[in-house]
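The block underneath contains the structure these notes are about, expressed in structure tokens.
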């Protein structure tokens, strides 16, 4: 007769538990190097990703636009993570070339992962409705929020700055697929961002097995997100629709780090919904109770 679990010698039980712990949390990014764009303050998802990547054994550089660095707390994050900070305007090709060149010098080689967590809309900041946009603002938002992703990847490719089987991730939102009043031109920017990921994912996959994905996160109260008109209401709505509720920034950081790791080597060109099930739920009982 087979012994019950509790009759297994204690040393075996301990060994099983220790093994599971190592698989789940220890050194998932050991030996990997990267660049993290967009950490502004402790509310930033990029900030949480940096902390998680550090805890999983990665080394990386941090970067943000010079103007953002003056108003943010990225120096504090650099000290916590023992990471050097390289200012770079993601819409400037010379800045990006300098960023990748210096990062490879500092880190001692090519990078294995890149996080793009950049987005800004002047139209949103000024409360301009989608039906009456300022097109100069629109073009600026597209350059910062979407084309910067193309610039980052194109620059890295030309400099051969990413190792084979590397991973590039950009953060997005479901407004790229659905209409969200108040999200304004950022919805178009995110749609372009996701398209860039698919297109570059094809080329980089064929060339060097580098994968490119976007993560569509739940409404998250970052400095940028909280500035969107009606944010609290549609965050509350998403929480009521999602079977698991809204994913936190910390949840997103762990998911992003998994996408950087070798555990997801065959995932590319995907828009991955990290939203507690919101994207696949038509209506919930909580919402029906309010009707």
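Annotations for the structure displayed:
- Count of the stretch 45-62 residues which are in contact with a helix residue (DSSP H, G or I) (Cβ under 8 Å, 6 or more places away or on another chain) and within 26 Å of residue 91 (Cα to Cα): 11
- Selected residue [within 16 Å of residue 92 (Cβ to Cβ), more than 20 Å from the chain's Cα centre (by Cα) and in a helix (DSSP H, G or I)] from 147, 139: 139
- Evaluating residue 156 against the criteria (1) in a helix (DSSP H, G or I); (2) more than 22 Å from residue 100 (Cβ to Cβ) leaves one unmet condition, (2).
- For the stretch 103-120, the count of residues that are closer than 22 Å to residue 216 by Cα and surrounded by fewer than 21 Cβ atoms within 10 Å (Cβ to Cβ) is at least one.
- Single match in 141, 65 (criterion: modelled with pLDDT under 95, within 26 Å of residue 198 (Cα to Cα) and surrounded by 18 or more Cβ atoms within 10 Å (Cβ to Cβ)): 65
The values are calculated or read from the model by the stated rules, or taken from the named source; none is laboratory data. Since the model is a prediction, treat every value here as computed from it, not as a measurement. Using ideal geometry, Cβ is built from the backbone for each residue, glycine included, and neighbour counts are taken over all protein chains shown.
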